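Everything on this sheet refers to the single structure shown next.
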Amino acid sequence: MEILNYTEDHLRFRERVRSFFEKEVTPHVDEWEKSGITPKSIWKRMGEEGFLCTSVPKEYGGMGADFLYSVIVSEELVQTSHTGLAAPLHSDVVVPYITSFGSEELKKKYLPQCVSGDMISAIAMTEPNAGSDLASIQTTAVEDGNDVVINGQKTFISNGINCDLLIIAARDPSTSDAYSGMDLYVVEAGEKGFEKSKKLAKMGWQSQDTAELAFTDCRIPKGNRLGTKGGGFLMLMEKLQQERLMVCIVAVAGAERMLRDTLRFCGEKVDFGKPITKLHNNRFKIVEMAAEVRLGRVFLDKLVADHMEGKSIVVDVSMAKFWTTEMAMRIADQCLELQGSYGYCEDNPMVRAWRDMRVLSIFAGTNEIMKGIAVKFMGL
Amino acid sequence: MDFNLTKEQADIQKAAREFARGEFDPDRILEWDRKQEFPVSIWKRACDLGFQGVHFPETYGGQGLELLDHALIIEAFCRQDSGIGLAMALSDFGAEMVLVHGTDDQKRKVLPFVAQGEGWLTLAFLEEGYDLSTFQTISHKNGNGYAIQGKKSYVTLAVMAQYVVVVCQAEFSEPGGQSIFLLTKDSKGIELEGMGDKLGMRMIPMQSLTFRRVVITGKDLVGQEGKGSSHLREFLDTARVEAGAAGVGIAQGAFDRALDYARKREQFGKAIVTLEPIKNKLADMVTRVEMARWMVYRAASSLDQRKPEDRWTILAKMIASKAALEVANDAIQIHGGYGYMSEGQVEHFYRDAKALDLFMESGSLEKSMLGDQIAGRA
């Protein structure tokens, strides 16, 4: 009995996604990694194929599909040997804020373009002085007639350069309570006062255009607020569960891929006259790695099933996020170890994976924050 | 049993630390790492001030100090920057092979050359596929001299080095016999090929060297003919201590940065250094740094006292490079998102630590060597 029930439709969709990525993504990855960004054209192509925002209801141009379609796109993207094309962030993290909390007007205006790939989205929470402590953000949103004026600075924002649409967390300075003073607003790129100030150089995710964003008297319509006034923090708390689940998918599917590809490579490579996988001291290690990956898969699939049934996954997803991301890093580390000196050559695809996996334990809430959440909900 | 550094050793450590603090420019470091360039200007200065080859005798351009002194310098340099520190440590890779087994002529030629910053030396021993007992690079007898044929991979600084120490399988000697030679790189028949970008140790360009019937004389032999594998084993003992010292420096440097950041960074209304999970991590990090440091000093001291036991050197490299990796990993985590950015510097320590961990021999290989030794298998 499988934990997740993929139908024939799902499997056909997976085949289509896989073959599309093999043809239109994988061959370009090296080039994107060098240029530090993905071209907008690939987003547009994904939109044309129906691979973006699969969960958006049909009336707004989407498929109204279940969460397994999101899982499929995310898992198949992992097979492309890079992480920079952050389509799952757009489809399954950012856009759901609009679907769930946007006014009818905002939904009509933006969702079809997000589905088609004409608009790439991003979400800006982190600031230079507010990371783990999300409630301490300093970016302000001040109402002025029918407008809202935004001032502040955001950092480590994925899709920061490519984004056409940004959801930004900001606080109302007239409200002293950090939680009830927070709101989310939709801001279009190109608005006066919204500057994509700096693309950041990083250890991995090199084809991802992570950026710093700056807001100086950026004026947007009041109607761009999501949900009711003061509801921003709760919206984030709700939606962060799925965001963390998306991270677990990258971790587990990434670990599976790394182990599979490394075993293939090591089965061919010879040390001491034997394939590396046949060397006595490596064999137990490989079995241990395979066991960890299996545990991760079972845990992940169960979480996906629970999430689809609408169960609260707060504690489990917090635990899964720290465990699966650390597992993925262990697997990456050991995969390089098995390869000896070739383990630090960049033409080895596992080296990129090692660099890419390292951020999973940091973004979407650090692993320390994940443990803190579990502590709270377990009543410890 | 005295665990204290002598006054002289403490002075050397202090001088190296001050030099590194004063000269290693953070902006240039990012650039050298990105462009994969050897930091020539720093290396020149370090040579001018006598930091390189301190363990060579004075007659050969050194200061007649010990391996431990040399290790302290590597540690201090790597603490300030992993990339520059490793580049300095590997600028004369193979020197100890010449120092211990070379002829007077070879020593005069090469040791002052590398210590005084005139150029670089490298050691070519690894080949594709790890097996130190049988190399595919062969030295054929050729009249009174030899002809070398084969290919060596993962040769550090091959592109820059003027001298190359190469370990060959010796033709016509007893089975398993190896011979070692000192060559000038412009010898006819040596071809260089790039090995692409690297994850870490990026300031140390790495190439493969192909030898197409490279003809050399009998005077180029280092040590005894056919005894190369035991010479190499001894050399690796020294090299592991140096690599271990680099590991300690990288771990300490990553820790310094993490502690500094944790003191400055405020979240939840207070410096994160006051938070229990952060304090725990810092405690783990110090544990690893100190374990590694004493293991490396112990190994260096055993070689200085001419009581070499490869148990200590294997432990030194294995523990110190893992410490570097784990401490740098924790340092990234403490830095959060900033730790993943190049500007945060610790990701560079982490990449260098990973490369160091796999350099020469991987940790799992070291573990199996140690296991064989304990179980008594030759």
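To the nearest 10 degrees, how steeply does helix A:104-116 sit against the main Cα axis of chain A, on a 0 to 90 scale? The helix A:104-116 is inclined about 30 degrees to chain A.
The fraction of all Cα pairs in the protein assembly as shown landing in successive 10 Å bins from 0 to the largest distance is 3, 13, 23, 23, 17, 11, 7, 3, 0, 0, given as whole percents.
Compared with the dominant Cα axis of chain B, that is its longest principal axis, helix B:363-375 is turned about 70°. Using R0 = 25 Å, the C-beta based FRET efficiency linking residue B:375 and residue B:134 works out to 0.65.
Relative contact order of the range A:123-228: what whole-number percent is it, with Cα pairs under 8 angstrom and at least 6 residues apart? Rounded, it is 31 percent for the range A:123-228.
What separates the Cα centres of the range A:219-251 and the range B:52-85 is a distance of 54 Å. Annotation note: trypsin sites (Lys or Arg not before Pro) in the range A:305-380 located in DSSP loop regions with a Cβ neighbour count of at most 11 within 10 Å are A:311. Scaled to the globular estimate 2.2 N^0.38 Å, the Cα spread of the range B:7-115, given as radius of gyration, is 1.07.
Against the empirical curve 2.2 N^0.38 Å, the C-alpha radius of gyration of the range A:233-378 lands at a ratio of 1.17. Hey, how many Å between the Cα centroid of the range B:236-285 and the Cα centroid of the range B:197-230? Taking the Cα centre of each part, the range B:236-285 and the range B:197-230 sit 36 Å apart. DSSP finds beta bridges in the range B:121-225, and of those with both partners inside it, around 80 percent are antiparallel.
When Rg and Dmax are taken over the Cα atoms of the range A:123-228, they come to 13.4, 44 Å. Note on chain B: percent of Cα-Cα distances in each 20 Å bin, starting at 0 and stopping at the bin with the largest distance, equals 29, 58, 12, 1. Cα convex hull, the range B:268-315: 59 Å³ per residue, rounded to a whole number. So what's the gap between the Cα centers of the range A:1-60 and the range A:145-159, to the nearest angstrom? A separation of 30 Å, based on Cα centres. Pull up the cross-link candidates among the aspartates and glutamates for residue A:376, meaning alpha carbon to alpha carbon under 14 Å and not fewer than 8 places away within one chain. Here the aspartates and glutamates satisfying the reach criterion relative to residue A:376 are A:316, A:368. For the range B:68-155, a/c is not less than 1.5, where a ≥ b ≥ c are the root eigenvalues of the C-alpha gyration tensor, and a/b does not top b/c. That puts it in the oblate class.
When B and A come together, around 3600 square angstrom of accessible surface is lost from both chains combined, probe 1.4 Å.
Calculated over the range B:121-225, the projected area of the Cα convex hull averaged across directions stands at 6.5 nm². In order along the range B:155-163, the phi-based Karplus estimate (6.51 cos²θ - 1.76 cosθ + 1.60, θ = phi - 60°) of 3J(HN,Hα) comes to 8, 5, 6, 4, 5, 9, 5, 8, 10 Hz; Gly and Pro are listed as x. Our summary gives chain B a relative contact order of 16 percent, counting only alpha carbon pairs under 8 angstrom and 6 or more residues apart.
Against chain B, whose longest principal axis is taken from its Cα atoms, helix B:104-115 shows a tilt of about 30°. In terms of its C-alpha gyration tensor, the range A:8-119 comes out oblate, because a/c is 1.5 or above while a/b does not outweigh b/c. With one equal scatterer per alpha carbon and no solvent term, the Debye-computed log10 I(q)/I(0) for chain A at 0.11, 0.13 1/Å reads -0.78, -1.09. The helix-only estimate of mean residue ellipticity at 222 nm for the protein assembly as shown, built from DSSP H runs of length n ≥ 4 each weighted as -39500 (n - 2.57), is -16500 deg cm²/dmol after division by the residue total.
Each 10 Å bin from 0 upward holds the following percent of the Cα-Cα pairs of the range B:229-377: 13, 37, 28, 15, 6, 1, 0. Our compactness index for the range A:175-223, the C-alpha radius of gyration over the empirical 2.2 N^0.38 Å, is 1.51.
The values are calculated or read from the model by the stated rules, or taken from the named source; none is laboratory data. Note that the coordinates shown come from a computational prediction; the quantities given were computed from them, not determined experimentally. Positions of Cβ are generated from backbone atoms using ideal geometry, with glycine treated the same way; all protein chains shown enter the neighbour counts. Just so you know, the surface numbers come from the protein's heavy atoms only, side chains and all, with ligands and any DNA or RNA stripped out. Shrake-Rupley method; radii C 1.70, N 1.55, O 1.52, S 1.80 Å.
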